Amino acid sequence: GTIGFQVDNAMAAIGAAWALDVPWNTILQGLFTFVSDSHAVPGRFNLFDYRGATLIADYGHNPDAIQALSQAVQRMPARERLVVISGAGDRRDEDIREQTRILGKVFDQVILYEDACQRGRADGEVLALLREGLEGATHTRSIDEVHGEFLAIDTALARLQPGDLCLILIDQVQEALDHIARRVAESAAQPA
């Protein structure tokens, strides 16, 4: 219940089930057994532990989602906050800029990435809009640009220290989650 949008989502699901006359015991059973992991709800606030740092993978690609994620992250303890983000090229310019305006108020480090999925935009166009949104950022101290989603994820992972928090705004949902899970498993297999 500490993440506001998850409470909102649960309430909406309860309301829908109630409106459909689903028995209360069935609704309660669903609430008690629901797990928000990368298998049940891929790309929706999936949590991972990476060498003592918290990773959150999410498919948030609009200002409202970024605002909700940023509010949730601010409530979580962190030594340092990092974010990995690209922008969906089929969004309005202002919406792409607004995403990083929001992130610039919360995250210490921002890693911008561009991948093959530009959705009609020229190379570098989305990165330029994301960078414009970070102009005058009140919290961000470091901004890097990386080409390729998996390289951007690996760049963030290499920087993480125990106690850090990293929000990874994934684009290729299943492929990115598989990549993160592989890196987490590789890290766990290494001697301390």
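Just one of Gly124, Gly133 is without any contact (Cβ under 8 Å) to a residue 40 or more places away in the chain and under 25 Å from Leu160 (Cα atoms); which is it? The match here is Gly133.
Within segment 154-172, the set of residues being in contact with a helix residue (DSSP H, G or I) (Cβ under 9 Å, 6 or more places away or on another chain), open to solvent by less than 20 Å² (accessible area, probe 1.4 Å) and over 21 Å from Gln67 (Cα atoms) comprises Leu157 only.
Quick check on segment 136-153: of everything there that is of a type in the set (Val, Ile, Thr) and either more than 19 Å from Leu165 (Cα to Cα) or assigned to a helix (DSSP H, G or I) (or both), which residue is modelled with the lowest pLDDT? Ranking the candidates gives Val146 first. Across segment 108-117, a minimum of one residue is classified as in a strand (DSSP E or B), under 18 Å from Gln172 (Cβ atoms) and more than 15 Å from the chain's Cα centre (by Cα). Looking at Glu132, Glu149, just one residue is open to solvent by 10 Å² or more (accessible area, probe 1.4 Å) and not small (Gly, Ala, Ser), and that residue is Glu132.
Within segment 173-191, work out how many residues are open to solvent by less than 50 Å² (accessible area, probe 1.4 Å) and either under 17 Å from Ala40 (Cα atoms) or touching a helix residue (DSSP H, G or I) at 6+ places or on another chain (Cβ under 6 Å) (or both). Outline the logic, then answer.
Filtering segment 173-191 down to residues open to solvent by less than 50 Å² (accessible area, probe 1.4 Å) leaves 173, 176-177, 179-181, 184, 187.
If we keep only those that are either under 17 Å from Ala40 (Cα atoms) or touching a helix residue (DSSP H, G or I) at 6+ places or on another chain (Cβ under 6 Å) (or both) too, we end up with 173, 176-177, 179-181.
So the count comes out to 6.
Those residues that are in contact with a Phe, Trp or Tyr (Cβ under 6 Å, 6 or more places away or on another chain), open to solvent by 10 Å² or more (accessible area, probe 1.4 Å) and at pLDDT 95 or above, I need them from segment 59-85; list them, please. Across segment 59-85, the qualifying residue is only Arg81. Pairs are defined by a Cβ separation below 8 Å, a sequence spacing of at least 6 or placement on different chains, a first member in segment 21-39 that is surrounded by 11 or more Cβ atoms within 10 Å (Cβ to Cβ), and a second member that is in a loop (DSSP other than H, G, I, E, B); the pairs so defined are Phe34/Ala40; Ser36/Arg44; Ser36/Phe45.
The values are calculated or read from the model by the stated rules, or taken from the named source; none is laboratory data. Everything numeric here is computed off the predicted structure, so don't read it as measured data. A quick note on method: Cβ atoms are made from the backbone with ideal geometry, for glycine too, and the neighbour counts reach across all protein chains shown. Ligands, DNA and RNA are excluded from the accessible area calculation, which covers all protein heavy atoms including side chains. Shrake-Rupley method; radii C 1.70, N 1.55, O 1.52, S 1.80 Å.
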